[in-house]
Every structure is written in structure tokens, then in C-alpha cells.
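Just below is one structure, and these are the notes that go with it.
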Amino acid sequence: MTVLVTGGAGFIGSHTVDRLLERGERVIALDNFNDYYSPARKRANLAAALTNPRCSVAEVDLRDSAAVNAVFAEAAHREPITRIIHLAAMANPRYSLAHPRLYIDVNEIGTLHLLQAAVQHSVEVVVLASSSSIYGKDAPMPVSETTPTDRPVSPYGFTKKAMEVMAYTFHHLHGLNINILRFFTVYGPRGRPDMAVYLFTDAIAHGRPLTLFGDGSEGRDYTYVDDNVRGVVAAAYRPLGYRIFNLGNAHPESNRRLISTIEAALDRRAIIAYQPFPASDPRLTFSDTTLAGHLLDYQPRTRLDEGVPRFVAWYMRAVGPAT
């Protein structure tokens, strides 16, 4: 079978491509290689995968419906696309505050085009990446999939909520099997340079002040990428109708603890510049992954003191030591 991975050159996407190739699948990595962060870095993420003849790249923007359909039509000449893992999106709640229209165009309209193509080409299972951001600021912890999600606090959050609702409509009208995965702060090798683990590591490694919003007691359910991808790939093989799953670590850590773990891995002390905590962010995220454990055999295994040193080792190889 052929699996289409949108955002396939990105952080989670490229790891997902690798895992699918290990399973023996044919994979199409769709990406528009935008400049939100370095396109060269994204191409490097896929370099090893592209040495495999079962992997190809479609350089396509999901906002272009004709180009999206052309990917499916071309694949049908060899082996039709039977599964979609939709990871492409504009991410980062803070960036969305200044660019709400861009987030609507990519996250909502782009997803619409993909769902329309899935119906037209009889795709068996669609996996959609959502986010813990849709739970808003005041949800009781840990959050389960039944926690209300009608008060997101950023344009990023509301576009992910809109995507989930849109997906239900396509399931209802067309019978698509759709598994929605709410991600909780994924980190690891190839991590995006706008995320806390990367930003903190980069600042400490180079002896620069790191910006810490709040006093450090705020925390996240930091989820190592290998754990996340096991859940993502499992969801692609479960035709369950319409389901929503949390994919987190179910073990939140404070940002102060994250910084100390990075300091230990680098053997350097952080210089911290404190800033007020932003209104667009929840103070804590904490996932209940019971449902994913039951239906996806999802079992996060990697604690922060294991995952952070792995990330730091990758960072030192890929970016280089302090200069």
C-alpha cells in the first residue's frame, strides 16, 4: 500500500516516514518546504529516507486543491494511496496571534482539500494531527478526550478545533475512517527550532540568555518523538470510524525541570531572562492517554531524563557546539 504523509519533511513527519519505510510501506512525503524555518533543514530530515526506492517527495502546497488531487492521481498509476497521515500545519500558538488568516488557510482550507481527495480516491484511513492547544487554559488535569474544547485561546487552537469538526462531517457524510490525534509538546531529534527544548538547548549551548515565560513552575507533558510516532503509525492501521485520542507522555514536567535536565546534558548553566507568561498559553498540559493505550496499544516509555540527552546529542551533531 501507499501512505501519504503530509508535512513529511518536518519534525514528526520525517520520523513517521522512517517508521513506515521500516514497515515496508511505499511512502509519499508531501511538503511545501515553506520558510517558517529552514527548508534546507527539512530536506536534510528526509535525506536518508529518499535513498529508499519506496520513498518519494511531492512538493505541493495543500492550499492548491488541483495539485493535491494530482498527487493521488499519479500514485494511482503505481499503487493507490490507501492511508493518509496528515501532519502538515502551521504550528506555534504564539505565531498564530499575528497571522490568523495564514493559519485558517493552511490548517482549515488545506485540510478540507485533503479530506475531499480522500473521499474521491477511496482512502481507507485518515489520521489527522490535532493539538492539546484546543483544551484551552482552564481544563481540569489530566485532560481526557471528553474534556470540553470550545474555548481555545489562540488562532492555532481554533483552527485545530475547526479541523476536528470538519473531519467529523466528512466521516458522517462519506463514511471516512478518521483518527484524530491530539499531540502534547513533542520533542526529540530534528525538533523544530521554535520549540522550548530546542530554544533552551540552543541558548545554553551558546552561552546566551534563554527567555523563560513565567517563573518556571509552568509545565508541559513533554512527549518524546519515538513514543509519539508509534501512536501515529498505529492509528493509520485502525479503521475505527471517527475517534479522537490524546498522544502525550501522561507525565508533565515543569519548565524549570526541563532547563536543569538540559544543563546536565550540556554540562553548562543557563542564563535565564524571565518574561511574563503569555495569554495564549496554558500554564500546564497533562494528558490522559487511557483511550490510546486501549485502542492503539499506545504506551509512552521515554522520560525527560532519557529523551533530553538524546535530543542534545543530536543537536550537538546537527547544529554544532558553542562557539
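What follows draws every value from the coordinates through simple rules; no lab data is involved. These figures come from a predicted structure and were not determined experimentally. Counting neighbours? That spans all protein chains shown, and the Cβs are built from the backbone with ideal geometry, glycine included.
When the label point is put 7 Å from the Cα of ASP194 along its Cα-to-beta-carbon vector, which residues of the range 25-60 have a backbone N closer than 11 Å? Under cut-off, by backbone N: 35-38.
By DSSP, the beta bridges lying fully in the chain are antiparallel in about 5 percent of cases.
With contacts defined as alpha carbon pairs under 8 Å and 6 or more residues apart, what's the relative contact order of the chain in percent?
Details: 645 pairs, mean separation 57.4, N = 323.
In percent, rounded to a whole number, it is 18.
Counting neighbouring Cβ atoms within 10 Å and putting the fewest first, the residues LEU46, LEU62 line up as LEU46, LEU62.
If each residue of separation counts as 0.36 nm, what is the full-extension length gain between ASP150 and GLU79 once their alpha-carbon separation is subtracted?
On the way: separation 71, 0.36 × 71 = 25.56 nm, distance 4.01 nm.
Residue separation times 0.36 nm, minus the Cα-Cα distance, leaves 21.6 nm.
Taking neighbour Cβ counts within 10 Å as the exposure measure, how do VAL165, VAL319 sort from fewest upward?
Working: VAL165 10, VAL319 14.
The order, fewest Cβ neighbours first, is VAL165, VAL319.
Under 5 Å between amide hydrogens, built in the peptide plane, is the criterion, and for LEU128 it picks out HIS86, ASN179, ILE180, LEU181 among residues at least 5 positions away or on other chains. Axis of helix 196-205 versus longest Cα principal axis of the chain: the two differ by about 40°, to the nearest ten degrees.
Tell me, what is the percent relative contact order of the range 44-136, built from C-alpha pairs under 8 Å that lie six or more residues apart? Before the final figure, lay out each step's value.
Numbers: 71 pairs, mean separation 33.6, N = 93.
For the range 44-136, the relative contact order is 36 percent.
Loop-resident trypsin sites (Lys or Arg not before Pro) (DSSP state other than H, G, I, E or B) in the range 123-204 with no more than 16 further Cβ atoms inside 10 Å of their Cβ: LYS137.
For the range 220-323, chymotrypsin sites (Phe, Trp or Tyr not before Pro) are listed when DSSP marks them as loop and at most 15 other Cβ atoms sit within 10 Å of their Cβ; the list is TYR237. Phi-derived couplings, Karplus 6.51 cos²θ - 1.76 cosθ + 1.60 at θ = phi - 60°, listed residue by residue for the range 286-302: 7, 9, 9, 9, 4, 5, 5, x, 6, 9, 10, 6, 7, 9, x, 10, 9 Hz, with x used for Gly and Pro.
Electrostatic bookkeeping for ALA66 treats Lys and Arg as +1 and Asp and Glu as -1; over the other residues with beta carbon under 15 Å from its beta carbon, the sum is -3.
Modelled label positions at PHE277 and GLU22, each set 7 Å beyond Cα in the direction of Cβ, lie 3.6 nm from each other. Close amide H contacts of GLY214 (hydrogens built in the peptide plane, cut-off under 5 Å, sequence separation of 5 or more or a different chain): GLN275, PHE277. With θ taken as phi - 60° and the Karplus curve 6.51 cos²θ - 1.76 cosθ + 1.60 applied, the whole-hertz 3J(HN,Hα) list for the range 133-149 is 4, 6, 6, x, 9, 10, 5, x, 10, x, 8, 9, 5, 8, 4, x, 10 Hz, x standing for glycine and proline.
Which length gain, in nm to one decimal place, applies between ARG303 and SER122 when the Cα-Cα distance is subtracted from 0.36 nm times their residue separation? Provide the component values of the computation, followed by the final result.
Numbers: separation 181, 0.36 × 181 = 65.16 nm, distance 3.93 nm.
Result: 61.2 nm gained on full extension.
Here the range 85-118 is scanned for amide nitrogen atoms under 16 Å from the site 7 Å beyond the Cα of THR169 along Cα-to-Cβ, giving 104-118. A straight line joining the Cα centroids of the range 46-104 and the range 197-226 runs 29 Å. Cβ crowding within 10 Å, taken as a proxy for footprinting-reagent exposure, orders ARG101, ARG26, ARG238 from fewest neighbours to most as ARG101, ARG238, ARG26. A simple rule links phi to the HN-Hα coupling: the Karplus curve 6.51 cos²θ - 1.76 cosθ + 1.60 with θ = phi - 60°, which for the range 220-233 gives 9, 8, 4, 10, 6, 4, 4, 5, 4, 5, 4, x, 4, 5 Hz, with x for Gly and Pro. In this structure the amide hydrogen of CYS55, modeled in the peptide plane, comes within under 5 Å of the amide hydrogens of VAL27, none closer than 5 places in sequence on its chain.
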